[in-house]
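Before any comments, here is the structure.
The values are calculated or read from the model by the stated rules, or taken from the named source; none is laboratory data. It should be emphasised that the depicted structure is a prediction, and the values quoted were computed from it without experimental measurement. Cβ coordinates were reconstructed from backbone atoms using ideal geometry, including for glycine residues, and neighbour counts include every protein chain displayed.
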Amino acid sequence: MGVRYRRVLNVWQGAYPEVKSHSVSIGCLHCVDPECAAVCPVEAIYKRVADGVVWVDDEICIGCQNCLSACPYGVPQFGVEGTMQKCDLCIAQPGSEYGPPCVATCPGGALSLKTLTTAEKEAHQKTIASLMP
């Protein structure tokens, strides 16, 4: 119910009786060239130069949902306010200097925050895109 900042995809491989499954947690990828920002008619979505975080200014967002159509990962969510919401790494929250709370509290250590080169980030985006239904 409501806005989901992360979702889990179950990826199935193989054929019976040798079927395998693994799960992939997907949130905003903070893309190298964010398509969501490119289609925003009011420039409410932008990529911060200092850290590469793709940010949504909910005071500017008009809720047109162009970003939802443009995002190849289905990340944009729209809550009761009608404006776009997505993972912003909780950078405006107290304690954010220690990293996002989802990473800090993940019981299995499945989530991590890494600094990637542009080439690594593009490769990661391509991999995630290949998993999308």
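The table that follows gives values for the structure above.
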{"item": "Residue within the range 84-93 that is of a type in the set (V, I, T) and either outside any loop (DSSP other than H, G, I, E, B) or at pLDDT 85 or above (or both) present", "result": "no"}
{"item": "Pick from the range 1-59, criterion of a type in the set (S, T, Y) and surrounded by 14 or more Cβ atoms within 10 Å (Cβ to Cβ), ranking: farthest from A119 (Cα to Cα)", "result": "Y5"}
{"item": "Any pair with Cβ under 7 angstrom, 6 or more apart, that starts in the range 94-105 at a residue that is aromatic (F, W, Y) and ends at one that is modelled with pLDDT of 75 or more and loosely packed, with under 13 Cβ neighbours inside 10 Å", "result": "Y98/A104"}
{"item": "Residue pairs meeting the criteria (Cβ under 6 Å; at least 6 apart or on separate chains; first closer than 20 Å to P76 by Cα, in the range 9-35; second basic (K, R) and assigned to a loop (DSSP other than H, G, I, E, B))", "result": "S25/R6; G27/R6; C28/K86"}
{"item": "Odd one out for V3, checked against (1) closer than 20 Å to E122 by Cα; (2) touching a Lys or Arg at 6+ places or on another chain (Cβ under 9 Å); (3) part of a loop (DSSP other than H, G, I, E, B); (4) modelled with pLDDT under 95", "result": "(1)"}
{"item": "In the range 106-133, the residues that are of a type outside the set (V, I, T), in contact (Cβ under 8 Å) with a residue 12 or more places away in the chain and part of a helix (DSSP H, G or I)", "result": "K121, E122, H124, Q125, A129, L131"}
{"item": "Test result for Y98, in contact with a helix residue (DSSP H, G or I) (Cβ under 9 Å, 6 or more places away or on another chain), among the aromatic types (F, W, Y) and more than 20 Å from R7 (Cβ to Cβ)", "result": "yes"}
